[in-house]
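The values are calculated or read from the model by the stated rules, or taken from the named source; none is laboratory data. All values derive from a computational prediction rather than experimental measurement. Cβ placement follows ideal geometry from the backbone for every residue including glycine, while neighbour counts extend to all protein chains displayed. Accessible surface is based on the protein model in full, side chains and every heavy atom, while ligands, DNA and RNA are left aside. Shrake-Rupley method; radii C 1.70, N 1.55, O 1.52, S 1.80 Å.
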Amino acid sequence: MTNSIKVFVPADTTARSLGADGVAEALRHEAAARGDRIELIRNGSRGLYWLEPLIEVEVDGERVAYGPVAESDVGSLLDAGLLGGGDHPLALGLTESIPYLAEQSRLTFARVGITDPLSIDDYRSHDGFRGLEKAVSMSPEQIVAEVTESGLRGRGGAAFPTGIKWNTVLRTEADRKYIVCNADEGDSGTFADRMIMESDPFVLIEGMTISGLAVGATKGYVYIRAEYPLAIRVMREAIERALAAGLLGNNLLDSGKDFDLEVREAAGAYICGEETSMLESLEGKRGMIRFRPPLPAIKGLFGAPTVVNNVISLATVPIILDKGADYYKDYGSGRSRGTLTVQLAGNIKQGGLVEIGFGRSLRELLYDFGGGSATGRPIRAVQAGGPLGAYVHGSQFDTPLDYEEFAAVGAMIGHGGLVVFDDTVDMGEQARFAMEFCAIESCGKCTPCRVGAVRGVEVIDRIRNGENEASNLELLRELCDTMVSASLCALGGMAPFPVISVLDHFPEDLKAQA
């Protein structure tokens, strides 16, 4: 009896939305009808979303890719020798040689698109749980020191040094401590957190467990965006499997140490992506900002010291513990160490995920990886860092992807989302949207955000209607200054950034409409 040929069809949300389930079923049916023996593996997406559904076939130990594949293509692919890596108009060659992938440095996403997301054996065979195995033999201080030395900073947007946060929790005495993963990924153009949870859930479980060992926490929560039903389902199943395998719970890995993990569905509000609002939501309350101090690291969930980190931050910890801080910080530039997961979205030809070391230019991302705009028109602006991020002007596209370099030009990297606009965009309308978004999503606790955003929409409407244009432009800047200076959290404090960037770099669009 001949061995089955391994065929991979992604099962993540984006691939499924583009027809991957239908392709997988057609492939299974057609192969059976022809008497071909295949082992169909529903892996995660490689993040080359413009090529989804992407089929991969293992030939002589290497994977050959085809895409984007429709159900109607399956017959011709098999006719052309798909199972042997045969030539076809949809053939892309060896997956790892596709330039979009070959030019990346995948550390956090090393297994994404390669393994079966819910197979512990597959995860282990690709260096999984090696970081945790090292961590159980280390002291909390040693774990924290390794993460600190790596230079890892928060990937959720604030870029605060992860090791410093962990050290604060470690040194705060308490009967109980918590690890909370903020997976309420609500920024426009972002999907990296979802990709990890759907395509490599064990790396997040491993990272959170290491964090628990580092600070003395025995309980963790993954707060997942309500609009991610597949991620919620996969994470819950992965947690159950890890528990059954002795990788979570009491006496994990026979270490005498305990750590439990639980998934909580988010409240469906953008403001719950802010850490203190999220903690309120986890406690069963309405998601509203807490006054600080005290910081969550000292008084967080249920009043206990709490590590709050983003999915990517926590999912990066295992490779740091496995390969060492020096290995990780060898990537990157300046104070921005390691790799950044960039998500290309909007009007872009080759949308998807790119993991590279800090220091590459925005232009490289847009053109070398993204292939320019989907419309073929010139790219005029890019909103970096979500709906609170500035609109980056074309003259700034050579800025290196580095936290400090971006801050120097009034921009932010945030969670790594890049939303692209061509030269047909109305930047005045985008400025209005920024204020309107803040008005809708505000928790209402502070006046500058709650009232200021509403006034911002009104002032922009007056400008665009030609009412006292000069005085209203001056008023808009003053309003932005007030919101930045006086808001309680980043929502009100940063919502003016897109507006200010339009005032500074696209003033021709923020004036009376013809």
| message | Regarding the range 452-470, can at least one residue be identified that is open to solvent by less than 20 Å² (accessible area, probe 1.4 Å), in contact with a helix residue (DSSP H, G or I) (Cβ under 8 Å, 6 or more places away or on another chain) and polar (S, T, N, Q)? | response | no
| Within the range 9-25, is even one residue in contact with a strand residue (DSSP E or B) (Cβ under 7 Å, 6 or more places away or on another chain) and open to solvent by 10 Å² or more (accessible area, probe 1.4 Å)? | no
| remark: When restricted to E441, E467, the only residue under 23 Å from A384 (Cα atoms) and among the acidic types (D, E) is E441
| field | strands (runs of 3 or more DSSP E) contained entirely in the range 322-411, each with at least 1 residues that are touching a Cys at 6+ places or on another chain (Cβ under 9 Å), on the phi < 0 side of the Ramachandran plot and open to solvent by less than 30 Å² (accessible area, probe 1.4 Å) | value | none
| If you scan the range 63-78, which residues turn out to be in a strand (DSSP E or B) and open to solvent by less than 10 Å² (accessible area, probe 1.4 Å)? | A65, Y66
| helices (runs of 4 or more DSSP H) contained entirely in the range 125-188, each with at least 3 residues that are touching a Pro at 6+ places or on another chain (Cβ under 9 Å) and touching a residue at least 12 places away in the same chain (Cβ under 8 Å) | 130-135, 162-171
| With respect to G207, is the statement that it is without any contact (Cβ under 8 Å) to a residue 24 or more places away in the chain, under 27 Å from S336 (Cβ atoms), out of contact with any Asp or Glu (no Cβ under 6 Å at 6 or more places or on another chain) and not in a loop (DSSP other than H, G, I, E, B) true? | no
| request: Take the range 361-379 and flag every residue that is touching a residue at least 60 places away in the same chain (Cβ under 8 Å) and touching a helix residue (DSSP H, G or I) at 6+ places or on another chain (Cβ under 8 Å). | output: F369
| query | Just one of the numbered conditions (1) open to solvent by less than 10 Å² (accessible area, probe 1.4 Å); (2) within 30 Å of A495 (Cβ to Cβ); (3) not in a loop (DSSP other than H, G, I, E, B) is not true of T108; which one? | reply | (3)
| said: For the range 478-498, check the following and say yes or no: at least one residue is within 31 Å of the chain's Cα centre (by Cα), polar (S, T, N, Q) and either at pLDDT 95 or above or surrounded by fewer than 20 Cβ atoms within 10 Å (Cβ to Cβ) (or both). | reply: yes
